[in-house]
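Undergrad: Please see the structure below; I have some questions.
The values are calculated or read from the model by the stated rules, or taken from the named source; none is laboratory data. Computed from a predicted model, the values in this text were never measured in an experiment. In this analysis, Cβ positions are derived from the backbone assuming ideal geometry, glycine residues included, and neighbour counts consider all displayed protein chains.
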Amino acid sequence: MFKKVSLLFSLFAVVTVTGASCVSFGGDKATGVMGIYRSSDQGENWQPAMTFPTVEGVKNLSGVNTYKMYRDPGDNNAVYLTTRGQGLFYTYDNGTSWSQVDKFKGQFIYGFAIDPKDKCTLYVSNGPNIYKTVDCSRTWEIIYREERPGEKVVGLAVDYNDSNTVYAAEQGGDVFISSNAGSSWALNHRFGLQLRDMKADPLTHGRIYVASYSNGLYRLDGYGGEWVGIQEPLKAFSSSNQFYRLVLHPSQKDSLFWVSKYGILRSDDAGQTWNVIHLLTPPGSVNIYGFGLSYSDENVMYYTGTILGGKNEHVRSVFYKTEDGGTNWVTKKLPTDTIPAFMLVHPENGNLIFMSFMTLGSK
């Protein structure tokens, strides 16, 4: 069923238009072209994918300071974009046009999850609260409130085989589990360290990963099981504790990629051992915020290398591509001088890549 949302032309009642095609969001201090770009030829060329229909005409998202992107596991044409203070956006046509969820205008979206069995059921964290919709964003309800000042829900996940099992990770280290789709919650584990991301494994029932800010990776194998710390093998790689991205292989069981200040590591045994993906950039030399691989040919991989200045100002970013698993790489120019924030590769068309851009330090 194709999703339909009735609020499209009620969006942006309070948005200020700056110029013929750009949208400015109140409270955002970031500058430069950000938003979303799309390449249909493996990064050779990029085009803006930021069309945003409003009651004031067709605008674009070049002023949106992006955070993460999520593809709907039940709809390859649907992508959700979370932002650093401008709310939640979505496209149902692979970025040809975008809409905004009115509920979260002006908010930083820290966590997001889609029910793999019901594309209209979404979970969103704006920090202290978890919201849920069962009607494709038409209506929302708060299903969890965090009252501790400064605490944030930074990760959300839904079990791929049991939609009633929902996980939430807090920045301060607590992990909660709901066995009734968010109606009630139970403390699962208190790590006592800062967490940054959470992912459900689509190929292994009940498996969840949580990534910490600076203490490596942890794995839960089954509801009611014990968390396994798999950070020790990572200590063999300098600066690998400075986490950027965790990417699960879309088709190979137990295979995942750990992206850190060291570079890119691959494990084929659920994190017990790691192998280095050899990059053009030396270990520790760049920040890797964007990483993706082809669903059909795992030898095709992409990453971005970013150099930042002393106050997180952007110095330089480059796009890298390999077609032989990392033996050889080609470099390409990116379409904007802001920071590449996140990358998605289309599941069916490995030539199609989405890249979102951001600036740091505004929020």
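Undergrad: With the checklist (1) in contact with a His (Cβ under 9 Å, 6 or more places away or on another chain); (2) over 20 Å from TYR37 (Cβ atoms); (3) surrounded by 15 or more Cβ atoms within 10 Å (Cβ to Cβ) in hand, flag the one item LEU352 doesn't pass.
TA: Result: LEU352 passes all but (2).
Undergrad: Then there is this: Looking only at region 226-258, how many residues end up being among the hydrophobic types (A, V, I, L, M, F, W, C) and under 21 Å from SER296 (Cβ atoms)? Even if it seems obvious, please write down each step before you answer.
TA: Just the residues of region 226-258 that are among the hydrophobic types (A, V, I, L, M, F, W, C), to begin with: 227-228, 230, 234, 236-237, 243, 246-248, 256-258.
Among the residues that remain, those that are also under 21 Å from SER296 (Cβ atoms) are: 247-248, 256-257.
Here the count works out to 4.
Undergrad: Are there any strands (runs of 3 or more DSSP E) wholly within region 138-250 with 1 or more residues that are more than 27 Å from ASN275 (Cβ to Cβ), and if so which? Break it down stepwise before answering.
TA: On the way: elements: 141-145, 153-158, 166-170, 174-178, 186-190, 195-200, 207-212, 217-221, 227-229, 243-248.
Of the strands (runs of 3 or more DSSP E) lying wholly inside region 138-250, those with at least 1 residues that are more than 27 Å from ASN275 (Cβ to Cβ) span 141-145, 153-158, 166-170, 174-178, 186-190.
Undergrad: A follow-up question, please. Going through region 327-349 one residue at a time, which ones are in a loop (DSSP other than H, G, I, E, B) and either surrounded by fewer than 16 Cβ atoms within 10 Å (Cβ to Cβ) or in contact (Cβ under 8 Å) with a residue 60 or more places away in the chain (or both)? Before you say what the answer is, go through the steps one by one.
TA: Keep residues of region 327-349 that are in a loop (DSSP other than H, G, I, E, B), which gives 327-329, 333-338, 346-349.
Those that are in a loop (DSSP other than H, G, I, E, B) and either surrounded by fewer than 16 Cβ atoms within 10 Å (Cβ to Cβ) or in contact (Cβ under 8 Å) with a residue 60 or more places away in the chain (or both): THR327, ASN328, LYS333, LEU334, PRO335, THR336, ASP337, THR338, HIS346, PRO347, GLU348, ASN349.
Undergrad: Here are some conditions: (1) in contact (Cβ under 8 Å) with a residue 60 or more places away in the chain; (2) touching a Pro at 6+ places or on another chain (Cβ under 8 Å); (3) of a type in the set (Phe, Trp, Tyr). TYR302 meets all but one. Which one does it not meet?
TA: (2)
Undergrad: Something else now. Please find, among ASN77, ASN164, the residue that is under 20 Å from the mean Cα position of the chain (by Cα) and surrounded by fewer than 22 Cβ atoms within 10 Å (Cβ to Cβ). Don't jump to the end; show me each part of the working.
TA: On the way: ASN164 fails: under 20 Å from the mean Cα position of the chain (by Cα).
When all the criteria are applied, what remains is ASN77.
Undergrad: Under 8 Å by Cβ, and 6 or more places apart or on different chains, what pairs join a residue from region 195-221 that is in contact (Cβ under 8 Å) with a residue 24 or more places away in the chain and at positive phi with one that is in a strand (DSSP E or B) and surrounded by fewer than 19 Cβ atoms within 10 Å (Cβ to Cβ)?
TA: GLY206/ASP221; GLY216/GLY229
Undergrad: Does SER294 satisfy being surrounded by 15 or more Cβ atoms within 10 Å (Cβ to Cβ) and modelled with pLDDT of 95 or more? So that I can check it myself, show each step before the final result.
TA: Details: surrounded by 15 or more Cβ atoms within 10 Å (Cβ to Cβ): yes; modelled with pLDDT of 95 or more: no.
Criteria not met by SER294.
Undergrad: Sticking with this one: Cβ-Cβ under 7 Å, sequence separation 6+ or interchain: first residue in region 82-108 and in contact (Cβ under 8 Å) with a residue 40 or more places away in the chain, partner of a type in the set (Asp, Glu) and assigned to a loop (DSSP other than H, G, I, E, B). Which pairs?
TA: If the second residue must be of a type in the set (Asp, Glu) and assigned to a loop (DSSP other than H, G, I, E, B), the pairs left are GLY85/ASP28; GLN86/ASP28.
Undergrad: Give the residues of region 310-324 that are modelled with pLDDT of 95 or more and in a loop (DSSP other than H, G, I, E, B), sorted by residue number.
TA: Within region 310-324, GLU323, ASP324 meet the criteria.
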